[in-house]
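This report concerns only the one structure given below.
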Amino acid sequence: MKLRSFLLVLAAGALSLVAIAAAGVFWILSDSPLDLRDGGVEAHPEAAVFVPRQAPLMGSLLVDVDRLVAYRQLLAPVLQRSRSYRELERLKADLLDGTRLNYARDIQPWLGRELTFAVTSLDYDRDPDNGVQPGYLLVATTDNGDRAREFLQAYYSRQAAAGTTDLVFEQYKGTNIIYRRPVPGYQGSDALASAVVGDRFVLFANHPKVLREALTDVQVPALNLLGSKPYQHALPTLTTPRIGEVFANVPAIAAWLAGKPALAPPESEQTLTVALSVNPFGVSAQTALQGIGTPGDRAPALHEPVGALRYVPAGSTLAIAGSDLAQLWADLDADFAPASPVAQLLGQWRDRLQDGVGLDVPEAIFSWVHGEYALALLPGSTSDSQGDWIFVAEKVPTDDPEATAAAAIARIDRAAADGGLGIGTFSLDGRAVTAWTQLQAAAPVDLHTQAGLQLDARVKGVRITVGNYVVLASSLAAIAQVSHDEADSLLARATFQDAIQSLPDDNDGYLYLDWRGSRANLEQQLPLLRAIELAGQPLFDHLGAVALSSRGSQDDVRQATVSLRLVGTE
């Protein structure tokens with residue numbers, strides 16, 4: 001059996017099950033008498049003592065996966081229960097295919113409450129001749145050390161019987177290690193190593209060197225993740241009960257995903273720590289980001305929903321709303337390197353916004369927005385079209401006449417005129433609409449007969465003023481969806497309200513994504529997304545919407561909350 005398949009049986013077999021369970025359990029937790037009613041448990045990963053402090057990634061499941069699955073099966077409606085059972089059986093069949101292992105027989109009897117997977121290093125042997133060899137470690141707690149040892153003995157005995165590997169038993173720092181080594185003449189790449197530590201932990205690694213390092217780290221606190229200052233600094237900021245926890249070294253995880261070797265240590269460690277919880281609407285995550293941006297404390301800027309969302313159409317598939325866009329853009333530009341995925345994505349959005357009117361959008365538009373703002377994308381008429389955008393900005397008083405909204409709009413008009421666009425005003429549903437247009441022939445012109453002398457005005461952008469807000473859009477169709485009635489806005493949409501339900505009242509604004517409405521378009525723009533969806537299919541099949549909100553920073557830790565709104569499948 002391949003090492004990757006074996007690790008999937010233990011890690012993905014439990015972590016993917018929790019994704020399925022979360023997709024069904026969220027609607028019953030409010031009535032459950034069990035200890036997950038508050039979203040999870042207070043514990044942090046015990047296995048952090050085995051993970052090196054420089055590890056690119058650690059992810060932990062902190063609750064009994066079988067209990068989560070039982071919630072779904074026992075309390076869900078009959079039709080939902082049947083569908084859940086089929087999903088579970090399909091997942092088990094996929095994960096165990098070709099392994100000759102049975103989860104209920106071989107793993108469930110000894111598997112404890114916690115399961116932790118870590119990428120311990122980007123290249124564990126640092127041998128340039130064999131390329132990049134990441135180190136992988138899986139740590140499971142157990143309440144039955146004897147059953148765990150029996151499982152390991154049975155598993156390795158079956159492997160030895162195949163005649164392609166020899167079993168090696170080794171004592172290392174007081175712990176018995178067992179691993180397999182290819183027999184002479186057989187070139188195998190798998191060197192799975194395992195150990196049971198103190199009748200409490202069962203360790204699996206993709207190479208004995210990785211396992212030995214874990215056993216060294218547990219005895220030297222300065223070497224393991226639990227003794228890491230960034231990790232210890234982040235934990236007090238994660239205050240909600242949790243079902244899982246993730247720790248990522250941001251530059252290292254980017255290198256791992258790109259298949260690159262180890263990076264030089266940065267001047268400041270850039271880390272992200274996440275606590276995952278369940279709630280009546282799905283799954284939420286508290287995040288703690290360190291080492292990015294200007295250090296210091298900053299309170300949330302908003303204490304109520306962003307008023308600009310009243311003018312964002314209910315059908316928007318993506319919306320970003322907050323206050324002081326000028327400062328936000330300056331922070332993003334300073335915090336992320338030009339080659340980073342975040343910077344590239346922001347650049348794509350910027351290019352798309354300025355393509356219509358030929359403006360430097362950050363300078364011409366974002367720079368004067370110091371009040372509320374909302375930026376939204378509307379779905380296209382077909383799956384291949386990009387759709388339209390809408391931008392809403394609050395007009396705020398200022399002593400600088402050049403910094404007013406009126407002065408900024410005047411500069412935009414001049415830039416549009418200099419770029420060859422016409423500027424005209426007309427009425428639409430009783431509103432004065434200003435459009436930037438480009439004239440072009442409606443059809444090929446015959447200069448001899450003068451036939452076809454008709455002009456079309458191609459709309460490059462439009463704007464209106466609604467109350468104390470300026471609204472800009474990429475098309476007339478988009479601006480026509482800006483309603484006078486708040487009931488027709490995104491702010492009043494039930495899906496949006498459900499998605500932000502678990503976000504804090506005090507925040508810096510929202511990022512909202514209608515996953516089902518934007519999935520096809522995102523898959524076209526981000527090819528890697530399909531691979532991510534395949535790995536997390538049970539979760540993505542039930543994902544309805546995503547919402548994110550920043551909560552300022554405390555003790556140099558940037559805090560945010562992410563909400564995953566889960567729904568049933570059709």
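What follows draws every value from the coordinates through simple rules; no lab data is involved. Given the structure is predicted, the values throughout are model-derived calculations rather than measurements. Glycine gets a Cβ as well: all are built from the backbone with ideal geometry, and neighbour counts include every protein chain shown.
Ranked for footprinting exposure by Cβ neighbours inside 10 Å, fewest first, S475, S563 give S475, S563. Amide H contacts under 5 Å for V312: L490, L491, restricted to partners 5 or more places along the chain or on a different chain, H placed in the peptide plane at 1.01 Å from N. Suppose R0 equals 56 Å; then what is the FRET efficiency for K173 and A492 from their Cβ-Cβ distance, rounded to the nearest 0.05? Here the calculated transfer efficiency is 0.35. Among D555, D400, the order by Cβ neighbours within 10 angstrom, fewest to most, reads D400, D555. Per-peptide packing, taken as the mean over residues of other Cβ atoms within 10 Å, places 146-154, 109-117, 494-502 in the sequence 109-117, 494-502, 146-154 from highest down.
Scanning residues 5 or more positions from N224 or on other chains, those with amide H under 5 Å from its amide H are R53, with H placed 1.01 Å from N in the peptide plane.
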